[in-house]
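The values are calculated or read from the model by the stated rules, or taken from the named source; none is laboratory data. Quick caveat: nothing in here was measured; it's all calculated off a predicted structure. Glycine gets a Cβ as well: all are built from the backbone with ideal geometry, and neighbour counts include every protein chain shown. Accessible surface is based on the protein model in full, side chains and every heavy atom, while ligands, DNA and RNA are left aside. Shrake-Rupley method; radii C 1.70, N 1.55, O 1.52, S 1.80 Å.
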Amino acid sequence: PMDVVTHLERPVPLEAYVFIKKAEPLFDAKGKVRIRGFGGPTEKFVHEPLSSQVVRDLHQKGMTPAIFFVFSRLGCEKEAIETIRTAEALTSKEEKAKIKEAVDAAIAHTPGMLTSTATKLWLERLPAGVAPHHAGLLPPLKLLIEELFQQNLLKVVFATETLAAGINMPARTVVVTSTSKRTDEGHRMLTVSEFAQMTGRAGRRGMDKVGYG
């Protein structure tokens with residue numbers, strides 16, 4: 001016999017944040033929207049912040065590791081490279097050494113990784129603590145990124161929404177970079193279930209008292 005089991009409580013509570021000039025709680029203690037421009041008319045246009053600005057603020061607030069959901073493979077790569085180039089150092093000397101050890105072990109296990117120029121470049125960039133994650137990466141590189149993120153050695157991963165299901169990569173914070181996505185039929189808004197699935201990655205059971213999304 002089979003039955004549907006429903007659990008409506010998150011194991012780790014989720015707090016909603018929005019980034020304008022910095023990451024701030026979206027709701028006050030009474031559950032009302034506290035950020036101007038959300039839930040009402042805006043007085044002026046709010047420019048989309050650079051990912052490196054968001055990363056810097058989250059890291060300073062102790063809200064990493066974080067997953068940034070970007071709805072294109074090229075976007076994941078571009079944002080990761082730009083963040084490495086412009087963000088402040090995210091990993092310590094000891095963390096960089098551990099990442100390099102893991103990279104060397106991965107290369108020893110799968111030497112063929114070095115035949116791909118793109119993969120080789122990302123292996124060199126990983127000590128910075130930032131990486132992309134999408135279906136276009138070689139499986140050994142994706143596996144290494146997942147393992148480093150689980151160990152809190154990678155602080156930020158820019159991923160497509162495929163990461164939201166089936167992979168053990170919980171984070172302290174999840175950033176949804178857009179409320180719309182491109183499909184074969186044009187752009188459309190995210191569904192509630194898609195948003196819930198992505199933000200469901202926020203809050204590591206047994207590690208975080210609260211997750212941020």
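Here is a check on your reading of the model: is Val70 closer than 23 Å to Arg204 by Cα and modelled with pLDDT under 95? Break it down into steps so the answer makes sense when it comes.
Values: closer than 23 Å to Arg204 by Cα: yes; modelled with pLDDT under 95: yes.
For Val70, the condition - closer than 23 Å to Arg204 by Cα and modelled with pLDDT under 95 - is met.
Name the single residue, out of those in segment 163-185 being surrounded by fewer than 13 Cβ atoms within 10 Å (Cβ to Cβ) and of a type outside the set (A, V, I, L, M), that is nearest to Phe195 (Cα to Cα). So that I can check it myself, show each step before the final result.
The first filter runs over segment 163-185 and keeps only residues surrounded by fewer than 13 Cβ atoms within 10 Å (Cβ to Cβ), leaving 165-166, 168, 179-180, 182-185.
Applying the additional criterion that residues be of a type outside the set (A, V, I, L, M) yields 166, 168, 179-180, 182-185.
Working: Gly166: 16, Asn168: 18, Thr179: 8, Ser180: 10, Arg182: 15, Thr183: 16, Asp184: 19, Glu185: 20 Å.
Top of the filtered list is Thr179.
Applying the selection to segment 186-200, what residues are open to solvent by 30 Å² or more (accessible area, probe 1.4 Å) and either in contact with a Cys (Cβ under 7 Å, 6 or more places away or on another chain) or closer than 15 Å to Met169 by Cα (or both)?
Listed by number, the residues that qualify are Gln197, Gly200.
Checking Ser72 against (1) within 20 Å of Phe195 (Cα to Cα); (2) touching a strand residue (DSSP E or B) at 6+ places or on another chain (Cβ under 6 Å); (3) among the small types (Gly, Ala, Ser), which test does it fail?
Of the numbered conditions (1) within 20 Å of Phe195 (Cα to Cα); (2) touching a strand residue (DSSP E or B) at 6+ places or on another chain (Cβ under 6 Å); (3) among the small types (Gly, Ala, Ser), the odd one out for Ser72 is (2).
Give the residue, chosen from Phe149, Phe195, Phe158, that is within 17 Å of Ser51 (Cβ to Cβ), in a helix (DSSP H, G or I) and of a type outside the set (Lys, Arg).
On the way: Phe195 fails: within 17 Å of Ser51 (Cβ to Cβ); Phe158 fails: in a helix (DSSP H, G or I).
Checking each option against the conditions leaves just Phe149.
Helices (runs of 4 or more DSSP H) wholly in segment 56-128 with at least 2 residues that are surrounded by 17 or more Cβ atoms within 10 Å (Cβ to Cβ) and either in contact with a Phe, Trp or Tyr (Cβ under 8 Å, 6 or more places away or on another chain) or in contact (Cβ under 8 Å) with a residue 24 or more places away in the chain (or both) - which ones? Working first, answer last.
Numbers: elements: 73-86, 93-109, 117-125.
Helices (runs of 4 or more DSSP H) meeting the threshold: 73-86, 93-109.
Filter segment 135-150 down to residues that are crowded, with 20+ Cβ neighbours inside 10 Å and in contact (Cβ under 8 Å) with a residue 40 or more places away in the chain and give me whichever is farthest from the chain's Cα centre (by Cα).
Leu144
Output the residues belonging to segment 151-162 that are touching a helix residue (DSSP H, G or I) at 6+ places or on another chain (Cβ under 7 Å) and open to solvent by 30 Å² or more (accessible area, probe 1.4 Å). If you could, list the steps in order and put the result at the bottom.
Filtering segment 151-162 for residues touching a helix residue (DSSP H, G or I) at 6+ places or on another chain (Cβ under 7 Å) gives 153-161.
Hit for segment 151-162 is Glu161, nothing else.
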